[in-house]
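The values are calculated or read from the model by the stated rules, or taken from the named source; none is laboratory data. Keep in mind the model is a prediction, meaning the values are calculated, not measured. So basically every Cβ, Gly included, is an ideal-geometry build from the backbone, and we count neighbours across all protein chains shown.
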Amino acid sequence: MLTEERQQLIRDQLAADGKVLAGELASRFGVSEDTVRRDLRELAKAGQLRRVYGGAVASAPFAAATISQRSGHAVEAKARLARAAVMLLEAGQSLFIDGGTTNEAIARAIPRDKELTVATNSLGVAAALADLPLVKLIVLGGRYLPDLGTCVGGDTLAAIAQLGADLFFLGSCGLDVSRGITAFDSAEAEVKRAMAQNSAGIVIAATSDKLATAAPYRVAGSDAIRHLVVEKTAPAAVLADFQRQGAEIHFA
């Protein structure tokens with residue numbers, strides 16, 4: 001198979017699934033993993049993907065996709081992560097939950113008999129919680145960003161400053177041991193930082209394609225993570241690095 005053919009198939013799979021794994025591609029193409037990694041390096045240099053541990057994920061076009069476009073990505077994996085994440089909840093806790101499709105899945109997975117106070121800047125999270133009888137819901141206003149489905153800006157930050165939380169369910173765009181928790185939007189990152197500062201602990205539920213990746217805007221160091229909820233297929237070496245930073249690992 002010619003190099004151009006392989007790389008087109010890689011682009012096609014990224015468009016369909018949002019990620020590729022080097023080992024699977026090598027088996028599919030009948031070539032070595034070194035050959036696949038060379039293809040991924042060339043595509044990364046061309047800005048067509050972003051390399052991660054074990055493979056690659058779609059580059060800027062997917063990262064910049066609207067929340068409605070991202071909602072169709074890894075739906076079953078996010079549902080499993082959500083079910084594992086809500087096992088961390090205790091009755092009477094106060095929470096921050098910010099935006100993102102995984103956090104929306106977490107909101108939908110919260111049991112109806114769990115008494116909680118939840119503050120969120122995400123309209124999707126708020127909608128998922130609106131009919132839970134024992135949840136005291138606080139919607140944080142501000143400037144609405146339709147592509148992200150969240151409110152940001154001075155009014156949002158002022159509201160966060162008046163609150164405190166036992167846990168912050170943080171929607172991470174990138175998660176790397178050395179670069180920490182990161183986001184693609186500067187205003188969104190500012191809100192995440194404020195929530196993190198006013199929380200006793202951070203919980204992140206992340207699909208494997210978020211691990212060992214980084215976005216431009218830093219939110220917090222990896223040592224700020226109390227609980228990391230991941231897929232069973234998440235790379236052990238990466239998880240060990242997070243454990244050394246103090247994170248408790250939970251598998252979905």
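Only one of the listed residues (141, 154, 149) is in the same structural domain as residue 103 (by TED's automatic domain parsing), in contact with a Lys or Arg (Cβ under 9 Å, 6 or more places away or on another chain) and among the small types (Gly, Ala, Ser). That residue is 154. Of the residues that sit in the stretch 106-127 and are without any contact (Cβ under 8 Å) to a residue 60 or more places away in the chain and part of a helix (DSSP H, G or I), which one is nearest to residue 142 (Cα to Cα)? Checking each candidate, the answer is 123. Among the residues of the stretch 95-125, those that are under 19 Å from residue 206 (Cα atoms) and polar (S, T, N, Q) comprise 101, 102, 103, 120, 122.
The numbered conditions (1) in contact with a Ser or Thr (Cβ under 9 Å, 6 or more places away or on another chain); (2) surrounded by 16 or more Cβ atoms within 10 Å (Cβ to Cβ) are all true for residue 3 except (2).
If you go through the stretch 213-228 one residue at a time, do you hit one that is part of a loop (DSSP other than H, G, I, E, B), within 22 Å of residue 94 (Cα to Cα) and not assigned by TED's automatic domain parsing to the domain that holds residue 58? Quick ask: steps written out before the conclusion?
Of the residues in the stretch 213-228, the ones part of a loop (DSSP other than H, G, I, E, B) are 213-216, 221.
Next cut, within 22 Å of residue 94 (Cα to Cα) only: none.
No, the conditions are met nowhere in the stretch 213-228.
If I filter the stretch 195-213 down to residues being surrounded by fewer than 19 Cβ atoms within 10 Å (Cβ to Cβ) and not polar (S, T, N, Q), which single residue comes out as farthest from residue 85 (Cα to Cα)? Explain how you work it out, then say what you get.
Of the residues in the stretch 195-213, the ones surrounded by fewer than 19 Cβ atoms within 10 Å (Cβ to Cβ) are 197-198, 200-201.
Now drop any that are not not polar (S, T, N, Q), which leaves 200-201.
Values: 200: 16, 201: 14 Å.
Filtering first and then ranking leaves 200.
Being outside the structural domain of residue 17 (by TED's automatic domain parsing), more than 17 Å from the chain's Cα centre (by Cα), in a helix (DSSP H, G or I) and modelled with pLDDT under 95 holds for only one residue in 194, 237, and it is 237. Among the conditions (1) in a helix (DSSP H, G or I); (2) surrounded by 15 or more Cβ atoms within 10 Å (Cβ to Cβ); (3) of a type outside the set (Gly, Ala, Ser), residue 182 misses just one, which is (1). What residue, among those in the stretch 117-167 that are within 15 Å of residue 95 (Cβ to Cβ) and of a type in the set (Val, Ile, Thr), is surrounded by the most Cβ atoms within 10 Å (Cβ to Cβ)? The selected residue is 125.
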